[in-house]
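Engineer: Here's a structure for you.
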Amino acid sequence: MRIKILFASILAIALASTVSAQDTKAFLGRWDMTVTPATGTPYPQWMELTDDGGKIEGRVQPRGGAWHPIAGAHMDSGKLIVDVGQAGHGSEISWELTSPSADKLTGVEKRGDADGPTLAGVKAPLLDRPMPKKWTKPRSLFDGKDLKGWVPIEHVENNRWVARDGELVNDNPEVPGQKMRPAANIMTTDKFQDFKLHIEVNCPEGGNSGIYLRGRYELQVGTEGGKIPSHEMGAIYSWYAPPAGAKNDLGRWTTFDVTLVGRHVTVLRDGKMYHDNVELPGPTGGALDSNEAEPGPFYLQGDHHGVIQYRNITISVPKK
């Protein structure tokens, strides 16, 4: 009798484990998330969940800043509860998610016990495309004379972008002793899918900007203080640091040549390979949206201080 009871207990545990594994399987993978508050504009986030021997692990890209690992995840009454981390005021953030279909998630963000924004996720696309055989002749995205083809975004009441001396300049110098107001970013009115981008930038010492590819993936310009390599000049922000030993070398003109095909990017800085066909797992902080399958604009970050100068911005796209 004892043997039968023991066997039944073991079988029940095994079946519960199998059911749990089946339940969590629908949530695994990479997800492009959209967060919609009760008031205000929806904004993007991103999540990846994996199964490590029955334990759910993962990482989340919040609205801004760098990605971070989740604190944990577990099933509860058919819902996946993802412990995202702490909010600025110390309250715990969790995502309560359901999977209505194989490629969608829905749910709610909770801070402590309080319901917050609604969540919607779609399975991130593979974007696995071959390198185009031919490219169009480079065309200019900035004529050096005016801001035609560009529009300010965010903090537009403090737009500091000007066309000056053939350069696209964020004229937002730091003033000692004064608290800096966030200034506008600027983006192209045209959108792009796969491309080759040539862009030159002069970022002063201590300056901070970024070049956003498709409006979703940031190529870091400038510095965030030198403590985290993946936040420094030439990084794919928080995903990939520059080569070991690379210097920020700010205060002079430098050139980036960027090829983005699908979600694979190659970056050369002044002819030196910084990133060789690396995969972009998902959007970086500051992304305009999480619609990774769609074309997107370029945008240049201007909401930090520094007189950042850009010039000779050209693009080639796959030749049909």
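The values are calculated or read from the model by the stated rules, or taken from the named source; none is laboratory data. No experiment lies behind these values; they were computed from the predicted model shown. Here the Cβ positions follow ideal geometry from the backbone for every residue, glycine too, while neighbour counts run over all protein chains shown. Quick note on the areas: whole protein, heavy atoms, side chains included, nothing else; ligands and nucleic acids left out. Shrake-Rupley method; radii C 1.70, N 1.55, O 1.52, S 1.80 Å.
Engineer: Apply the a/c threshold of 1.5 to the C-alpha gyration tensor of region 47-138 and tell me whether it is rounded, prolate or oblate.
Structural biologist: prolate
Engineer: Once both axes come from the Cα atoms, what is the angle between helix 2-25 and the longest principal axis of the chain, in degrees from 0 to 90, rounded to 10?
Structural biologist: Between helix and principal axis, roughly 20 degrees.
Engineer: Ignoring any ligand, DNA or RNA, what whole percent of the accessible area of the chain comes from carbon and sulfur when the probe is 1.4 angstrom?
Structural biologist: Result for the chain: 54 percent of the exposed heavy-atom area is carbon or sulfur.
Engineer: Among ALA73, VAL108, GLN45, flag the residue with its Cα farthest along the positive direction of the charge dipole of region 45-118, charges on Cβ as +1 for Lys/Arg and -1 for Asp/Glu.
Structural biologist: GLN45
Engineer: Between GLU294 and LYS247, what FRET efficiency follows from the Cβ-Cβ distance if R0 is 25 Å, with the result rounded to 0.05?
Structural biologist: The value I calculate is 0.10.
Engineer: Below 8 Å, C-alpha to C-alpha, sequence gap of six or more: please give me the relative contact order for the chain in percent.
Structural biologist: Value for the chain: 19 percent.
Engineer: Please list the three semi-axes, largest first and in whole Å, of the ellipsoid equivalent to the chain, using sqrt of 5 times the eigenvalues of its alpha carbon gyration tensor.
Structural biologist: 42, 22, 18
Engineer: Then there's this: Need one number for region 154-250: average projected area of the convex hull over its C-alpha atoms, nm².
Structural biologist: Averaged projected hull area, Cα only: 7.8 nm².
Engineer: Taking the Cα centre of the chain as origin and charging only Cβ (+1 Lys, Arg; -1 Asp, Glu), how large is the dipole, in debye to the nearest 20?
Structural biologist: For this selection, approximately 840 debye.
Engineer: Follow-up question, since we're still on this one. Excluding same-chain residues fewer than 8 positions from LYS137, which lysines have a Cα within less than 16 Å of its Cα?
Structural biologist: Candidates past the 8-residue exclusion: LYS196, LYS319, LYS320.
Engineer: Heads up, I need the accessible area for ASP52: 1.4 angstrom probe, whole protein in place, Å², nearest 10.
Structural biologist: 90
Engineer: Quick one: order ARG269, ARG139 from most to least accessible surface, probe 1.4 Å.
Structural biologist: Reading off the accessible areas and sorting them downward yields ARG139, ARG269.
Engineer: A further question follows. Express the accessible area of the chain per residue in Å², computed with a 1.4 Å probe while the remaining protein chains stay in the model.
Structural biologist: Accessible surface, normalised per residue, equals 51 Å².
Engineer: Can you check what the net charge comes to around ALA184, using other residues whose Cβ is under 10 Å from the Cβ of ALA184 (Lys, Arg +1; Asp, Glu -1)?
Structural biologist: Residues near ALA184 contribute -2 overall.
Engineer: Given 0.36 nm per residue, what is the gain on full extension from VAL278 to TRP135 after removing their alpha carbon distance, in nm?
Structural biologist: 49.5 nm
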